[in-house]
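Take this structure first; my questions come after.
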4 protein chains.
Amino acid sequence: MHVGLVGLGKMGANMRTRMREHGLEVTGYDRNPEVSDVAELSDLVAALPAGDRVIWVMVPAGEPTRSTVSALRDLLDEGDLVIDGGNSHYSEDAANAATLAERGIRYVDVGVSGGVWGLENGYGLMAGGDAADIDAAMPIFDALRPPGDRDGGFVHAGPVGAGHYVKMVHNGIEYGVMQAYAEGYELLTAADLVHDVTGTLKAWTHGTVIRSWLLELLVAALEQDPGLDSIDDFVSDSGEGRWTVDEAIDHAVPAPVISAALFARFASRQGDSPAMKAVAALRHQFGGHAVQPAADG
Amino acid sequence: MHVGLVGLGKMGANMRTRMREHGLEVTGYDRNPEVSDVAELSDLVAALPAGDRVIWVMVPAGEPTRSTVSALRDLLDEGDLVIDGGNSHYSEDAANAATLAERGIRYVDVGVSGGVWGLENGYGLMAGGDAADIDAAMPIFDALRPPGDRDGGFVHAGPVGAGHYVKMVHNGIEYGVMQAYAEGYELLTAADLVHDVTGTLKAWTHGTVIRSWLLELLVAALEQDPGLDSIDDFVSDSGEGRWTVDEAIDHAVPAPVISAALFARFASRQGDSPAMKAVAALRHQFGGHAVQPAADG
Amino acid sequence: MHVGLVGLGKMGANMRTRMREHGLEVTGYDRNPEVSDVAELSDLVAALPAGDRVIWVMVPAGEPTRSTVSALRDLLDEGDLVIDGGNSHYSEDAANAATLAERGIRYVDVGVSGGVWGLENGYGLMAGGDAADIDAAMPIFDALRPPGDRDGGFVHAGPVGAGHYVKMVHNGIEYGVMQAYAEGYELLTAADLVHDVTGTLKAWTHGTVIRSWLLELLVAALEQDPGLDSIDDFVSDSGEGRWTVDEAIDHAVPAPVISAALFARFASRQGDSPAMKAVAALRHQFGGHAVQPAADG
Amino acid sequence: MHVGLVGLGKMGANMRTRMREHGLEVTGYDRNPEVSDVAELSDLVAALPAGDRVIWVMVPAGEPTRSTVSALRDLLDEGDLVIDGGNSHYSEDAANAATLAERGIRYVDVGVSGGVWGLENGYGLMAGGDAADIDAAMPIFDALRPPGDRDGGFVHAGPVGAGHYVKMVHNGIEYGVMQAYAEGYELLTAADLVHDVTGTLKAWTHGTVIRSWLLELLVAALEQDPGLDSIDDFVSDSGEGRWTVDEAIDHAVPAPVISAALFARFASRQGDSPAMKAVAALRHQFGGHAVQPAADG
């Protein structure tokens, strides 16, 4: 199978490598000529069989993905298939599919998890779209996913949009799980009793109820830098946690843990918290004036 | 009525003033001779009628209160009454009452709210103990509480311990209410649309559903220092919020708001958060190595 | 001043009454002829001076408000002023203003708080728009707001949209404050020590740090029904709490308390929680099978 | 090595089996004669070499463990070693160690994780105590822990108490992680887009960032009962989550996620929530009277 791959950033380049290692022919295009296999997007299109093309888009969500989809609509032919493997919000998928459907081009959305480790271990894949379109792309999914049974590492979750929806939820869970480990880690560091924090986390990686890949990563981080002295406590977010909480609100689903994890990230990035200044000001107010310690509260 | 008052810190001194303004005779004792009316605690005891003494203790919770109660046990006579008006944990009250009961001395616990404004406005009072003992102290309660009907500003909440229990809950609520206003304040400052933050809060003090005394204090703080530039976002806690959450856990009562307010204070005081370093480290790990921005999450 | 008022539901009808009591002439229109002063919206428009009309819209947010604004655009004249006093999301205001500006009609948005008590006490008002337009409507604001200084109960918060924005934040705060009192109330009921729950809350209404109008309402509810036996623990939400949390997420403002209050409402409405079923299932899984009590966790 | 094992409930019996499978001689005692190897605790003591005995205690935390330790103090000899493998609060360990030290008996505490799966997979073990005592018990730890390197599945975390401390933190993390998955699961079920919820969770077990053993258990539960219809949404807690939050509060460590998970369990067990009745009552109050829908909030 000959695949077109648009977007050769870290994730895209790794996926090209893994596809090739699994016997697929890949032509990749990126705006950066140093990593691109072809000069122009149209060259990539020309290299593939008209009406039977499969093109995986792996560019940033939002405007970059939308403009790539628009460009492909103008370049592709009826029957070709576009797969958005980026981190688009699921609500974009219907619009992308409609754009392409104007010219009879098919569309599948895929959520991809695994980070840089996917190159070696395989990526967890969650697809949305018509069954026939998903079947057409199955050789790619089989190349990218981890070895073993297909249903461990791959799912056809539902119609167009479902792939990105479940990837969003996956990332929301990720926020909560990471914060749970992080709170536990802090409790270990806070207790004089615990003399071996890294060893404790490492012991938890086998046999315990909370063993997981994220826990192994935390052990790896601590083995590299016990105390995490080289790491700033500033935590970014790429948006999917926000989307998950927005979605919970829309569906009236209680999400206290995922939202708490999200807000902890927001707080980690504040140099100065207006809210906590207000609380401090209130305490000063009932202490009478600012220079006195508050008597109450 | 002649009252003995032990502890003449900011709160105790103000209460002495308010009691005298309301016609009570007060003899106050403090370790600090500059504010004390008598040289020794025994002098205070000697100034009051044996077997009919009423002594209000207003010293810090814990060891200072316990040792004051012990000293009074040795100095007082059967039938005398001791009132703990400090911020003791309610579990201390049974022990204090038992200590005094060894010699037939009566005991009442009172939670006091109002901060430095209580001198002028009156204090909110919550009492625990036997009805007869509470009645004996009623002239003091009537002096300290706000004017108007007695049941606005005073309650006999239950047996010994009940006064401090409900004061603890009062303070837990206070944490939650303050944090709610603080989050709203931050949202006002975050929006370009809102040109008059202080004016908005001031408008809320009349007619709206959220009007309250704390809101008026926040307006006062902002009128003194718009932007709260002189206020650090470091928020202390005096322990009663912790006790409230501990109590919620003991009773299996969900307390998501009060605990969130407590944890926000904890976070406000951390120079560096081990938990958030751990989350940042995890994100770096699935980005492959620390110097790369994480691709996922 | 002669005001047109569109929407005579509970809030609108009360506001008509209050405006009239404060000397304004009011012509009200409602689809329900039993409460309407005129037969058609066009009759209301005809009753007012062209180019100098002031029309207050008090209909449900969303489609009803949008269609009312559209209808007014077609009926009004250049220079007339429309005020949206409903609970619109602030993002609707720019669109409404633009719709009306097509024909030179002016627009102000006003957030209104106070519920049914506003008729008697006055309403808290938060306005957004141009200063000249707000000035034009000031006789209405002065009639509706509580007595006393104008800046207690009224604010011109910013340009179009600011009124609804700050009303949204007001309601978000309201969620948090109510939940804080509610958690405290539950803690009072959970403790055997507290013999007088209603009396405790009533005592808190004077002198304490947490005194507020909402606390007075809670006392009123308990005086009518101690134990709240007639009240279901099902709590609706009218959407403004959701909007507040969405807004916090957009601005990366931590809102742990307001979101916890929102999620508590969501949970209160669930007959059966899929999430908690999943947690129960997990506990059963590591206990081996469902009929055994879980050994861990 | 010949081990004495006190307590042959589900966990204890499984551990006896695993120890025997790994070549240890085990004499077990339980109050239930049907599962016990000996008639009396003293028989178990008599079967082991005086001064070199190793006795693993696996009985419920609190009084049962304390009374077992007391009984062993009276029965054992100087130099013998007692290991508490139950779920004791870490603060009990110093007392237990002191009780035994009165007669020169050594003490180690061990947190054990793995549930019923530990029999087959091995148990995660976290030990506290003196290095020499831990070394003496190492054959038992090696029998119980999972195969592979010792430091995956076993840690000497610190002095007496450290084993139970880190087990407590482990369980607190477990609460947070389970709740994160549960919230994500509910979001999958809430979306019409997702046609294959179980398949999605199964796909996540390989390749994704959130793969874990708990996720595999959730898939197993759903494969047995899609929709979890046989599972009640009532979630118990065995106390270690409460202890973790208490500990966080003592150390001023923010624990928003672990506490949110704990409170979600509390709420799951409430037939009727006093707090939410109070919120509903408040909403009715500003709607004027209970039978009207609230206009605000």
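Consider C:GLU34 carefully, then state whether it is within 30 Å of D:HIS284 (Cα to Cα) and either in a loop (DSSP other than H, G, I, E, B) or not polar (S, T, N, Q) (or both).
When the stated conditions are applied, C:GLU34 passes them.
Within the stretch C:137-169, can you find the residues that are touching a Lys or Arg at 6+ places or on another chain (Cβ under 8 Å), more than 22 Å from C:GLY9 (Cβ to Cβ) and assigned to a helix (DSSP H, G or I)?
Once the filter is applied, which keeps residues that are touching a Lys or Arg at 6+ places or on another chain (Cβ under 8 Å), more than 22 Å from C:GLY9 (Cβ to Cβ) and assigned to a helix (DSSP H, G or I), the stretch C:137-169 yields only C:ASP142.
Test each condition in (1) touching a Gly at 6+ places or on another chain (Cβ under 9 Å); (2) more than 22 Å from A:ILE258 (Cα to Cα); (3) more than 14 Å from chain A (Cβ to nearest Cβ) for D:GLN224 and report the one that comes out false.
Every condition holds for D:GLN224 apart from (1).
Per-residue answers, yes or no, for (1) under 22 Å from B:LEU193 (Cβ atoms); (2) part of a helix (DSSP H, G or I):
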position: C:ALA94; (1), (2): yes, yes
position: C:ALA97; (1), (2): yes, yes
position: C:ARG103; (1), (2): no, no
position: C:GLY118; (1), (2): no, yes
position: C:MET126; (1), (2): yes, no
position: C:ASP133; (1), (2): yes, yes
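Shifting gears a bit: Which pairs have Cβ atoms under 9 Å, sit 6 or more apart or on different chains, and link a residue in the stretch C:190-209 that is not assigned by TED's automatic domain parsing to the domain that holds C:GLN224 to one that is open to solvent by 30 Å² or more (accessible area, probe 1.4 Å) and hydrophobic (A, V, I, L, M, F, W, C)?
none
On to the next question. Residues being open to solvent by less than 10 Å² (accessible area, probe 1.4 Å), within 8 Å of chain C (Cβ to nearest Cβ), within 14 Å of D:ALA255 (Cα to Cα) and without any contact (Cβ under 8 Å) to a residue 24 or more places away in the chain: count how many of those fall in the stretch B:238-262.
Count: 0.
Can you tell me how many residues within the stretch D:72-107 are of a type in the set (D, E, K, R), more than 14 Å from chain A (Cβ to nearest Cβ) and touching a Phe, Trp or Tyr at 6+ places or on another chain (Cβ under 8 Å)?
Selection size over the stretch D:72-107: 1.
Considering each of B:GLY148, B:GLY128 in turn, give the residue that is open to solvent by 10 Å² or more (accessible area, probe 1.4 Å) and either polar (S, T, N, Q) or within 14 Å of chain C (Cβ to nearest Cβ) (or both).
Answer to the selection: B:GLY148.
If we scan the stretch C:13-27, do we find a residue that is within 18 Å of C:THR65 (Cβ to Cβ), under 25 Å from the mean Cα position of the chain (by Cα) and not in a helix (DSSP H, G or I)?
no
Then there is this: Where residues in the stretch D:183-210 are more than 24 Å from A:ASP246 (Cα to Cα) and in a loop (DSSP other than H, G, I, E, B), which of them is farthest from the other protein chains (Cβ to nearest Cβ)?
Of everything passing the filter in the stretch D:183-210, D:THR205 is farthest from the other protein chains (Cβ to nearest Cβ).
From the list B:GLY86, B:GLY115, B:GLY104, B:GLY111, which residue is farther than 19 Å from B:GLY4 by Cα, in the same structural domain as B:VAL6 (by TED's automatic domain parsing) and not hydrophobic (A, V, I, L, M, F, W, C)?
B:GLY115
In the stretch B:162-182, is there at least one residue being surrounded by fewer than 24 Cβ atoms within 10 Å (Cβ to Cβ), more than 7 Å from chain C (Cβ to nearest Cβ) and either closer than 17 Å to C:LEU125 by Cβ or not polar (S, T, N, Q) (or both)?
no
Output the residue which, of all residues in the stretch A:71-117 that are in contact (Cβ under 8 Å) with a residue 40 or more places away in the chain and of a type in the set (Val, Ile, Thr), is most open to solvent (accessible area, probe 1.4 Å).
Among those residues, the one meeting the criterion is A:VAL116.
Read through the list (1) among the aliphatic types (A, V, I, L, M); (2) under 24 Å from D:ASP142 (Cα atoms); (3) assigned to a helix (DSSP H, G or I); (4) open to solvent by 10 Å² or more (accessible area, probe 1.4 Å), then give the number of the only condition that D:ALA50 fails.
If we test D:ALA50 against (1) among the aliphatic types (A, V, I, L, M); (2) under 24 Å from D:ASP142 (Cα atoms); (3) assigned to a helix (DSSP H, G or I); (4) open to solvent by 10 Å² or more (accessible area, probe 1.4 Å), just (3) comes out false.
Take the stretch C:92-116 and flag every residue that is among the acidic types (Asp, Glu) and within 20 Å of C:GLY152 (Cα to Cα).
C:ASP109
Looking at this structure, is B:VAL6 under 26 Å from the mean Cα position of the chain (by Cα), surrounded by 19 or more Cβ atoms within 10 Å (Cβ to Cβ) and in the same structural domain as B:LEU119 (by TED's automatic domain parsing)?
Yes.
Given (1) part of a helix (DSSP H, G or I); (2) open to solvent by 10 Å² or more (accessible area, probe 1.4 Å); (3) more than 9 Å from chain D (Cβ to nearest Cβ); (4) over 22 Å from D:GLY207 (Cα atoms), where does A:SER230 come up short, assuming only one miss?
(1)
Now for a separate question. Only one of (1) in contact (Cβ under 8 Å) with a residue 12 or more places away in the chain; (2) open to solvent by less than 50 Å² (accessible area, probe 1.4 Å); (3) farther than 26 Å from B:GLY153 by Cα is not met by B:GLY28, so which one is it?
(3)
The values are calculated or read from the model by the stated rules, or taken from the named source; none is laboratory data. Since the structure is predicted, the reported quantities are computational estimates derived from the model, not experimental observations. Counting neighbours? That spans all protein chains shown, and the Cβs are built from the backbone with ideal geometry, glycine included. Side chains included, ligands, DNA and RNA excluded: accessible areas come from the protein's heavy atoms. Shrake-Rupley method; radii C 1.70, N 1.55, O 1.52, S 1.80 Å.
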